[in-house]
Amino acid sequence: MEKYLIRGGAPLSGEITISGAKNAAVAILPATVLARGCCVIENVPCISDVTVLLGILRNLGAKTRYLSANTVEIDTAELDSTVVPYEMARAMRASYYFLGSLLGRCSEASVSMPGGCDFGVRPIDQHIKGFKALGAEVSIDGGMINASVERMVGCHIHFDVVSVGATVNVMMAAVRAKGITILENAAKEPHIVDLANFLNSMGADIRGAGTDVIKIHGVDVLHPSTYSIIPDQIEAGTYMVLAAATRSDLLIKNVIPKHLESIADKLLAAGAQLEEFDDSIRVVGKEKIERVNVKTLPHPGFPTDMQSQISAMLTMAEGTSIVTESVWDGRFKYVDELKRMGANIQVDGKMAVIEGVPSLKGAPVKATDLRAGAALVIAGLMAEGVTEIEGIEYIERGYERIVEKLLGIGADIQRITIPEPAVPKAL
Ligand code: EPU
């Protein structure tokens, strides 16, 4: 079993360079099947979710090749399958993006019900509503989602809830529909805009991405393109919070400051000092962390994917902070782990009441999902003594070279392998 061993309590300093955005990469890689031929995708983060998606692409018949550490060439000229089986889909949620892209390319797709981080019910009704509105027949049978269509036809789709996944999936299918599709109540996250920019670079005609109304003129053919993924908003936000939480001085490079405004606002309110440059941001944490209330919302609100990290910081704020999770039902599972380190947090439904304590103490803890894992890394670096984090495979789904990046700013962190205990043989 792999673990992180962290000795915390000391301030950090230096520079961290942010990688390509996970949630853009996991949409853009499946979108490459919409064109026949070689796409070159740059600034691809080296994380396990990307490895899984490249495996799915190869299983569909595509050829993939790394041109450098973060540049991948994907040749989709020949596809010989439209099926994403359970063994591949269960590893991650974004596997269901092949529904939209394969429908667009091949007019059919069968994708196993997706896995991914577990923080409550994760319905896909809005994806299905969108595909059906475009004319597809969709059924769920034996754990597979099957979609097929003769010819998709553009239409008006009003999403009942703001969903990143449904916006991505339906946008990928609609680029090949006949006529105009209008998506209303669409998600506005930076990765939605990045996907639309990639699709437009392939010849699609998408306008309005980044607002809640997206207009898509369907086209007959998309062509391969070369595209560079935006920097990861959440990775940047995680290191910004780390700086404020550990009273450190960090320059976070290769960011789009506009994407970080809601996070920067909360850190300023918590007393940190921020300095913004064209494509970097400096965060200097202060001795006293002020109490702050946070409510997660779809973009441009405070991102749910930063909720656990800022909560970790607030465990040592002066006074009581209230954190409200309004996107997911079960995203406070990490709280019990923070309590093992001495945090004082009460969860009541979608709300966590965090009573600041003067210090955290290192303890053995377990990551329950990707961002929960990031919160434990922050808490481990805030705490006195040694924190041992288990479940690091979650963290490595989304944070490129996290140990190396933290070592670069002076953190005391090690990735260790603990031999599995020998299982006694049955007599
Ligand atoms: N929802 C529905 N019906 C649907 C789809 C969603 O009711 O058909 C609801 C969900 O239950 C949830 C809300 O809508 O309450 C938002 O879900 P959304 O579809 O936006 O989430 P997602 O696409 O599954 C993406 C990110 C998540 C991030 C959320 C919200 C990717 C691959 N995942 O998930 O990122 O939390 O948007 O911003 O883009 C992460 O990176 O750690 C992560 C979990």
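Within the option set Val153, Val161, being closer than 30 Å to Gly37 by Cβ and either within 12 Å of the ligand (Cβ to nearest atom) or surrounded by fewer than 23 Cβ atoms within 10 Å (Cβ to Cβ) (or both) holds for one residue only, Val153. Contact map, segment 372-396: first residue without any contact (Cβ under 8 Å) to a residue 40 or more places away in the chain and farther than 23 Å from Pro358 by Cβ, second residue surrounded by fewer than 24 Cβ atoms within 10 Å (Cβ to Cβ) and of a type in the set (Phe, Trp, Tyr), Cβ cut-off under 7 Å, separation 6 or more or different chains; pairs are Gly373/Tyr394. For segment 164-198, residues that are within 13 Å of the ligand (Cβ to nearest atom), part of a loop (DSSP other than H, G, I, E, B) and either under 20 Å from Gln233 (Cβ atoms) or charged (D, E, K, R) (or both) total 4. As for segment 349-372, it holds at least one residue that is more than 14 Å from the ligand (Cβ to nearest atom), over 25 Å from the mean Cα position of the chain (by Cα) and among the hydroxyl-bearing types (Ser, Thr, Tyr). Regarding Val161, is this residue in contact with a Leu (Cβ under 7 Å, 6 or more places away or on another chain) and either among the β-branched types (Val, Ile, Thr) or closer than 19 Å to Val83 by Cα (or both)? Answer is no for this residue.
Does Val292 satisfy the criteria of being part of a loop (DSSP other than H, G, I, E, B) and buried (at least 21 other Cβ atoms within 10 Å of the Cβ)? First the steps, then the outcome.
On the way: part of a loop (DSSP other than H, G, I, E, B): yes; buried (at least 21 other Cβ atoms within 10 Å of the Cβ): yes.
Spelling it out, Val292 is indeed part of a loop (DSSP other than H, G, I, E, B) and buried (at least 21 other Cβ atoms within 10 Å of the Cβ).
Listed here are the residues, each with its yes/no results for (1) under 23 Å from Ala264 (Cβ atoms); (2) assigned to a helix (DSSP H, G or I); (3) of a type outside the set (Phe, Trp, Tyr).
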residue	(1), (2), (3)
Met306	yes, yes, yes
Ser311	yes, yes, yes
Met316	yes, no, yes
Ser321	yes, no, yes
Asp329	no, no, yes
Lys333	no, no, yes
Glu337	no, yes, yes
Ile345	no, no, yes
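Is at least one residue of segment 241-255 within 16 Å of the ligand (Cβ to nearest atom) and surrounded by 24 or more Cβ atoms within 10 Å (Cβ to Cβ)?
Step one: filter segment 241-255 for residues within 16 Å of the ligand (Cβ to nearest atom), giving 241.
Remaining after also requiring surrounded by 24 or more Cβ atoms within 10 Å (Cβ to Cβ): 241.
For segment 241-255, residues within 16 Å of the ligand (Cβ to nearest atom) and surrounded by 24 or more Cβ atoms within 10 Å (Cβ to Cβ): present.
Say whether the condition of being touching a Leu at 6+ places or on another chain (Cβ under 9 Å), in a loop (DSSP other than H, G, I, E, B), within 9 Å of the ligand (Cβ to nearest atom) and not acidic (Asp, Glu) is met by at least one residue in segment 129-141. Walk me through it before giving the result.
Residues of segment 129-141 that are touching a Leu at 6+ places or on another chain (Cβ under 9 Å), as a first pass: 130-131, 134, 136, 138.
Next cut, in a loop (DSSP other than H, G, I, E, B) only: 134, 136.
Going one step further and asking which of them are within 9 Å of the ligand (Cβ to nearest atom), we end up with none.
No, the conditions are met nowhere in segment 129-141.
Looking only at segment 364-417, residues that are assigned to a strand (DSSP E or B), over 29 Å from Lys286 (Cβ atoms) and in contact with a Ser or Thr (Cβ under 8 Å, 6 or more places away or on another chain) come to 1 in all. Checked against (1) at pLDDT below 95; (2) surrounded by fewer than 22 Cβ atoms within 10 Å (Cβ to Cβ), Gln414 meets all criteria but (1).
Can you confirm whether Asp329 is at pLDDT below 95 and at negative phi? In short, yes.
With the requirement that a residue be modelled with pLDDT of 95 or more and either touching a Pro at 6+ places or on another chain (Cβ under 9 Å) or not charged (D, E, K, R) (or both), what does segment 347-361 give you? Within segment 347-361, Val347, Met351, Ala352, Val353, Ile354, Gly356, Val357, Pro358, Ser359, Leu360 qualify. Pairs linking a residue in segment 11-26 that is in contact (Cβ under 8 Å) with a residue 12 or more places away in the chain to a residue that is more than 14 Å from the ligand (Cβ to nearest atom) and among the acidic types (Asp, Glu), with Cβ atoms under 7 Å and 6 or more positions apart or on different chains, are Ser13/Asp249.
The values are calculated or read from the model by the stated rules, or taken from the named source; none is laboratory data. Note that the coordinates shown come from a computational prediction; the quantities given were computed from them, not determined experimentally. Every residue, glycine among them, receives a Cβ derived from its backbone with ideal geometry; neighbour counts consider all protein chains shown.
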